[in-house]
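Here, each number is a calculation from the coordinates, and none is a lab measurement. In this text, all values refer to a predicted model and were calculated from it rather than measured experimentally. All Cβ positions, glycine included, derive from the backbone under ideal geometry; neighbour counts span all protein chains shown.
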Amino acid sequence: MPGKNSSQKNNDISDVRRKIDRIDTDIIRLLHERIDQAREIGRLKGKENLSTWDPGREREIFERLEKLNKDKFPAQSVRSIFHEIISTCRASQKQVSIAYLGPKGTFSHLAGIEYFGQSAAFRATETIEDVFLEVERERTSFGIVPVENSIEGAVTSTLDGFLAHDVMISGEMNLAIRHNLVNLSGSLDPVKMVVSHPQPLAQCRQWLKKNLADVPTRAVFSTAQAAEMATADDSIAAIASSLALKTYGLQSVVSGIEDYSGNATRFLVIGKNSPQPSGRDKTSLLIALIDRPGALYDTLAVLAAHQVNLTRIESRPVKGEPGNYLFFLDMLGHIKEGKIAAACEALRSKTATFKWLGSYPCVPDSVRNDKG
């Protein structure tokens, strides 16, 4: 009978929904237990004056969960869910405050949320140097700063920050950059000007030339400032992040207008201390060479002799000293490991300046996405 079949189906759905409700109840109960245990960890750490943030421990948790999951639940969703659970539990121990290049909605803001979760307290600053100052003067727990883009190269103001301020690198992350053209109407028709930070304008140059050849562009302080301008004038379109689009109530005109796929920005987390070894770490140094022939070769030879894997070398002119350069080095391993410690000790004797910037967990293999 049709009526009976329909009734049976409704009963089946009701049975399944009751099971889901019981599961949800168990999840809430377990979340309560987890936050209670996190607070106990915070109490014990407080007695020993230890940091509430342990990136090595967080990596262990994610790796264990990945093995337990066995890809039955989407892996990225598992990471996202537990990322928020962990950040909320961490905040229950002590509120973590993060300085970033503002205003709200910049890619730096988005990177901070991706790294620390929604539960952290975020503080916008006007410049990258201000981020360094907030951390150096301990007005925030950490800061997050862009250090290099896969297309445009190094962010020089960040490199300069390490020269001028007493901070350490505590972590890193890569954020896949997806640029969106946004405005109030969601249409190209009223657009008379495109505004954004200089880097997004450069990274979307070919798209703009092809699709908005007669529309002038204007460089402003940040993508979020561009979004703010677009909220006040329908003739202005901004190139901005998905977070800026949501923050300022704009509509997407075109998503993904960057000229090259694979565009990503590497961000560094800065703090007052460097984390303990996690088992998969990176060490960063700042050095100045002794003024003599073959100095750079001798420096690189030290690393080769100690079998150190150098992943990045970036030169920066010394301000006011033409012809002199500082070098930023990234290498795989933690400074507490034997070969890295030995290599760094050897470098001290062969360089005019040697500054350890920090040892910290390597970025996860997957790149976090700004999905537009």
Could you give the longest part of the chain that holds none of the GluC sites (Glu not before Pro) found in DSSP loops with at most 12 neighbouring Cβ atoms within 10 Å? 139-372
I want the antiparallel fraction of DSSP beta bridges within the chain, as a percent rounded to 5. 75 percent
Hey, for a label at VAL215 modelled as a point 7 Å past Cα toward Cβ, could you say which residues of the range 249-272 have their backbone N under 14 Å away? 251-258
If we count every other residue with Cβ under 11 angstrom of ILE151's Cβ, Lys/Arg +1 and Asp/Glu -1, where does the sum land? -3
In the Gaussian network model of the chain, springs joining C-alpha atoms below 10 Å, which of LEU101, LEU285, LEU31 carries the largest mean-square fluctuation? LEU31
Theoretical FRET efficiency, 1/(1+(r/R0)^6), r = Cβ-Cβ of ASP234 and ARG39, R0 45 Å, to 0.05: 0.35
For a footprinting-style exposure proxy, rank ARG17, ARG79 by other Cβ within 10 Å, fewest first. ARG17, ARG79
With N set to the residue count of the chain, report its C-alpha Rg divided by 2.2 N^0.38 Å to two decimal places. 1.17
Candidate aspartates and glutamates for bridging to LYS336, where Cα separation is under 18 Å - those fewer than 8 sequence places away on the same chain excluded: ASP54, ASP281, GLU345
Environment charge at ASP298 (Cβ cut-off 10 Å; Lys +1, Arg +1, Asp -1, Glu -1): +2
Among SER255, SER196, SER222, which one moves the most in a GNM of the chain with springs linking Cα atoms closer than 10 Å? SER255
Could you work out how far apart the two model spin labels at ALA346 and ARG79 are, taking each label as a point 7 Å from the Cα in the direction of the beta carbon, and quote it in nm? 3.5 nm
Among PRO317, PRO190, PRO293, which one shows the highest mean-square fluctuation when the chain is modelled as a Gaussian network with alpha-carbon springs under 10 Å? PRO293
Between the range 252-306 and the range 139-200, what is the C-alpha centre distance in whole Å? 17 Å
Cross-link table LYS319/LYS355; LYS45/LYS67; LYS104/LYS246, entries beyond 21 Å C-alpha to C-alpha: LYS45/LYS67
Using r as the Cβ-Cβ distance of ARG139 and LEU310, and R0 as 45 Å, what FRET efficiency do you calculate, to the nearest 0.05? 0.85
Under a Cβ-Cβ cut-off of 14 Å, what is the net charge of the residues other than LYS104 that fall near it, where Lys and Arg count +1 and Asp and Glu count -1? 0
